[in-house]
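These notes are about the structure you will find just below.
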Protein chains: 2
Amino acid sequence: MAKKYNICLDVGGTKVLGAVFDEKDKIVCKIKRRSTEQGNASENVESVIIEVTRSLLKKANIKKSQINAISAGVPGIINPETGVVVFCPNLPWRNYNLTAAIEKEFGAKCYLGNDVNVGVLGEFEYGAAKGFKNVVGFFPGTGLGGGIIINGKLYLGGGFQAGELGHMVVEENGPECGCGNHGCLESFSSKKGMAKYVLAQEEKGRHSSLTQYIDENGVFKSKYLRMAVEENDEVALEAIDQACHYLAMATGSMISALAPDCIVYGGGVMEALGDLFLEKILQKVDAYAMPAIRPSVELKRASLGDYSNIYGSLALIKRAKKHQKKK
Amino acid sequence: MAKKYNICLDVGGTKVLGAVFDEKDKIVCKIKRRSTEQGNASENVESVIIEVTRSLLKKANIKKSQINAISAGVPGIINPETGVVVFCPNLPWRNYNLTAAIEKEFGAKCYLGNDVNVGVLGEFEYGAAKGFKNVVGFFPGTGLGGGIIINGKLYLGGGFQAGELGHMVVEENGPECGCGNHGCLESFSSKKGMAKYVLAQEEKGRHSSLTQYIDENGVFKSKYLRMAVEENDEVALEAIDQACHYLAMATGSMISALAPDCIVYGGGVMEALGDLFLEKILQKVDAYAMPAIRPSVELKRASLGDYSNIYGSLALIKRAKKHQKKK
């Protein structure tokens with residue numbers, strides 16, 4: 001019998017990252033494509049997914065029939081029972097059966113999950129949160145997503161919507177958030193939130209090198225955040241400080257509520273700022289976490305970097321197979 | 001064979017409430033004792049527990065040998081695997097095997113749980129939260145306790161300490177809390193928190209009828225809160241408003257994080273203020289809960305009143321038996 005491979009994808013609002021895993025879970029090859037250049041229409045993202053998968057097959061020199069399964073983390077709400085993308089804030093999928101479309105195209109099983117949920121699952125199965133039982137993940141990037149592992153399983157909650165940690169309320173009268181509410185964690189502890197701070201300071205006549213890199217969506221690339229830190233940009237450092245401050249508050253609340261064994265921080269901001277971000281959170285969190293619980297919680301930086309989601313997608317396949325075997 | 005009965009207790013910092021259940025889960029008789037009058041020493045509370053149990057046996061006219069099991073909700077951290085009371089903030093038990101002491105005394109199996117955890121379990125098995133899968137419970141009383149049901153099971157977290165919802169941070173620079181941190185939910189949305197507000201207003205020359213009922217521990221009996229509302233006491237109404245405001249914020253955060261199917265509010269404050277408290281929370285919560293998730297969460301008032309814990313204790317026995325059968 002020919003070898004079987006898993007194709008794992010990380011579908012972002014702006015990029016699709018893909019990898020081929022062999023039977024020993026080793027990455028055979030990988031590919032990255034920008035998906036927004038042709039616009040954000042769902043058919044386009046879908047065609048990019050299909051194109052990336054085809055290119056992966058070609059690059060790895062394997063046939064469709066050698067695919068064991070395909071899986072992807074997608075930035076939206078996924079119903080894992082039906083495979084339907086219920087809703088994607090940044091992509092135009094509404095109750096769309098992306099799973100069926102991919103399965104039809106490649107004749108292999110497909111599994112989807114929410115991107116950050118899947119990223120946290122990746123860290124839990126293969127990364128920094130391995131070996132823990134109850135894990136909370138905060139992933140600050142353009143926005144701030146989260147994921148929760150309870151008793152070793154991804155917790156999805158009602159409507160498969162749990163883990164929206166970016167919408168925990170941290171400031172009673174805070175700025176308006178994309179969700180329509182005010183004072184959400186995401187308004188401070190994400191690239192969007194930090195950009196907002198930088199622009200507000202700019203209006204007060206305080207310049208930051210970051211300002212020039214903020215695009216029409218109010219975001220900048222993570223690498224510029226790193227550059228600003230290296231330049232000792234005062235306003236950018238304040239924005240980072242504020243981000244860590246509120247993230248420490250939300251972390252404290254999650255520690256009191258869930259008493260998890262591990263909290264893992266990942267996403268683009270963590271990738272760009274290395275341990276600086278985690279150190280600042282660690283400095284601040286003790287003021288907000290219940291003292292009786294705090295010592296039993298480990299706070300860690302994600303260890304799979306850009307590949308949290310890819311490995312999480314692999315975990316989705318493994319877990320689905322295990323589940324099938326049990327049946 | 002003689003009939004078997006379950007003895008279920010609610011052990012508070014100031015009272016022990018007990019009930020005898022028959023085999024059809026009907027309450028045969030009940031007893032309430034104040035436990036603090038003889039002081040708070042652990043032996044005293046233990047002796048009150050034993051005395052209440054004996055009195056229950058007598059009142060129900062049953063023998064020790066007719067006890068199926070004894071269970072209790074206790075205001076502290078319980079290790080359900082060993083039956084040890086790890087820690088009790090208001091009672092002097094430290095790593096004390098209360099379970100063994102009770103089992104020795106009555107020759108029957110004993111099961112303990114954290115009081116508010118058990119109260120939420122009671123509402124989940126027999127009360128307002130019955131039929132839901134994932135439930136969060138906020139129980140404002142002297143302090144504010146919580147409990148979390150995940151996939152139909154009481155979630156205990158690391159060190160069996162989960163559900164400390166009173167220590168979620170809702171106000172960055174809020175007043176100091178008993179736990180040592182600042183701005184905890186409990187500092188606003190509990191009787192202690194409301195008393196603090198009333199006293200602060202008193203210092204500003206604004207009088208409240210509640211003031212005279214605040215004892216040396218900075219608490220008042222719930223019935224006086226109800227009286228103050230009936231008298232239209234302005235300051236007390238503000239304290240209630242503030243309590244509901246912050247409870248709505250914390251509710252919003254828990255909705256975004258866990259997307260539970262139901263949030264249930266119980267405890268002494270809810271008992272005293274009936275639907276007024278819930279109505280105020282409902283008015284405020286939409287501003288803090290993620291709009292995409294909010295509609296799928298039901299917010300309900302506990303329906304078992306003072307008996308949430310007693311029924312939760314009964315649920316502890318049933319669940320333990322089920323678990324044993326599985327083995």
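In table form, for the structure just shown:
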{"item": "Identity of the residue in region A:15-64, among the small types (Gly, Ala, Ser) and modelled with pLDDT of 85 or more, that ends up nearest to the chain's Cα centre (by Cα)", "result": "A:GLY18"}
{"item": "Helices (runs of 4 or more DSSP H) (entirely within region A:202-313) containing at least 1 residues that are modelled with pLDDT under 95 and surrounded by 17 or more Cβ atoms within 10 Å (Cβ to Cβ)", "result": "A:222-230, A:267-285"}
{"item": "Output for region B:173-195, where each listed residue is within 14 Å of chain A (Cβ to nearest Cβ), closer than 22 Å to B:VAL229 by Cβ and in contact (Cβ under 8 Å) with a residue 24 or more places away in the chain", "result": "B:LEU185, B:GLU186, B:PHE188, B:SER189"}
{"item": "Close pairs from region A:207-219: first closer than 19 Å to A:SER187 by Cβ and in contact (Cβ under 8 Å) with a residue 12 or more places away in the chain, partner polar (S, T, N, Q) and assigned to a helix (DSSP H, G or I), Cβ under 9 Å, at least 6 apart", "result": "A:SER208/A:GLN201; A:THR211/A:GLN201"}
{"item": "Members of region B:253-275 found to be within 23 Å of the chain's Cα centre (by Cα) and at the interface with chain A (Cβ under 10 Å from one of its Cβ atoms), listed by number", "result": "B:SER253, B:MET254, B:ILE255, B:ALA257, B:LEU258, B:ALA259, B:PRO260, B:ASP261, B:CYS262"}
{"item": "Those residues of region A:161-187 which are more than 16 Å from B:MET254 (Cα to Cα) and in contact with an Asp or Glu (Cβ under 7 Å, 6 or more places away or on another chain), in sequence order", "result": "A:CYS177"}
{"item": "Selected residue (only one of A:VAL170, A:VAL198 is within 11 Å of chain B (Cβ to nearest Cβ) and touching a residue at least 40 places away in the same chain (Cβ under 8 Å))", "result": "A:VAL170"}
{"item": "Residue list for region A:1-26, filter: among the β-branched types (Val, Ile, Thr), farther than 11 Å from A:ASN68 by Cα and touching a residue at least 60 places away in the same chain (Cβ under 8 Å)", "result": "A:VAL11"}
{"item": "Residue list for region B:114-126, filter: in contact with a Leu (Cβ under 7 Å, 6 or more places away or on another chain) and surrounded by 24 or more Cβ atoms within 10 Å (Cβ to Cβ)", "result": "B:ASN117, B:VAL118, B:LEU121, B:GLY122, B:GLU123"}
{"item": "Residue ID - farthest from the chain's Cα centre (by Cα), chosen from residues in region B:276-299 that are more than 19 Å from B:TYR246 (Cβ to Cβ) and not hydrophobic (A, V, I, L, M, F, W, C)", "result": "B:PRO291"}
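Rundown of residues vs (1) touching a helix residue (DSSP H, G or I) at 6+ places or on another chain (Cβ under 7 Å); (2) small (Gly, Ala, Ser), yes/no style:
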position	(1), (2)
A:ASP10	yes, no
A:VAL45	no, no
A:GLY76	no, yes
A:ASN90	no, no
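The values are calculated or read from the model by the stated rules, or taken from the named source; none is laboratory data. Keep in mind that what you see is a predicted model, and the values were worked out from it rather than measured. Every residue, glycine as well, gets a Cβ built from its backbone with ideal geometry; the counts of neighbours run over all protein chains shown.
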